[in-house]
Each structure stands twice: as structure tokens, then as C-alpha cells.
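Heads up: the structure comes next, in C-alpha cells.
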Amino acid sequence: QVQLVESGGGLVQAGGSLRLSCAASGSIFSINFMGWYRQAPGKQRELVATITSGGSTNYADSVKGRFTISRDNAKNTVYLQMNSLKPEDTAVYYCNVGYFKSPLPIRYDSWGQGTQVTVSS
């Protein structure tokens, strides 16, 4: 069992910044990828950004140039620095981690409980 603990959400004015954190703990042999998704009211959950164990990143077009994903492999923690926030960034943000429990190539996925980000205009 792997637990993900998210923090850093909140209320911010448009143009402001927030930093989300997600720490993974539990039965982890290694982590394959870490990422952030978000879900706004009435909309489907969508990818925000991902980062692989090697540091390769991928961003949704809507956040490119404003958000930065990073990770601390020693702490099994992923961060999402969000700058120049817009009202349309308002959503519940979820951490997602793909990991291995052993040297066997069987990958598991775990999701965080979500953290609310609200951007006021």
C-alpha cells in the first residue's frame, strides 16, 4: 500500500502563485513517474504535468510556461510550482504516482486525495 499526502492548495488571486507538494510513502521499490491531474466542477479529470524518474517532463498546453513540475527522488516527493494563475486553473488537483513494489516489472498506480486550488479574478 502506498500513501500520497498532498499539500499546498488554497485560494489565490489571479496572477498569483502556489506550490503543490505530494509525498509518497509505503511499499515502494522504485517510482516510475509522478504527475498532477486536475478536475474542475462539471469537467473530466485532465492531465496537468508529469515527470519521469529520469526527469523528462510533459505539460498540458494550457499550463506550459506557467507551471513547473519537479521531483525529489530521495524524498519520493513531486512538486508543482504554479505561477501566473488564472481563474480557469481553479480545480481539485490530484497527485498520481506510478511505482513498482519489487524488481518485477509490474507497475502500480496510486492517487492522492486531492487538494483544492481556487483562483479568484
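Rule-based calculations on the coordinates, nothing more; no lab input. Everything numeric here is computed off the predicted structure, so don't read it as measured data. Note: ideal-geometry Cβ built from the backbone for every residue, glycine included; neighbour counts use all protein chains shown.
Figures for the structure shown
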item: Long pairs among Lys43/Lys86; Lys43/Lys64; Lys43/Lys75, criterion Cα-Cα beyond 26 Å; result: Lys43/Lys75
item: Between region 1-63 and region 79-121, the alpha-carbon center distance in angstrom; result: 2
item: Estimated D of region 1-42 in µm² per second, where Rh is the Kirkwood radius over Cα pairs and Stokes-Einstein applies at 37 °C, 0.692 mPa s; result: 255
item: Estimated FRET transfer efficiency when R0 is 25 angstrom, pair Ser30-Gln81 (beta carbons, to 0.05); result: 0.55
item: Largest-first ellipsoid semi-axes for region 1-72, taking √(5λ) over the Cα gyration tensor eigenvalues, angstrom; result: 23, 15, 13
item: Overall dimensions of the chain by Cα: Rg and Dmax, Å; result: 14.2, 49
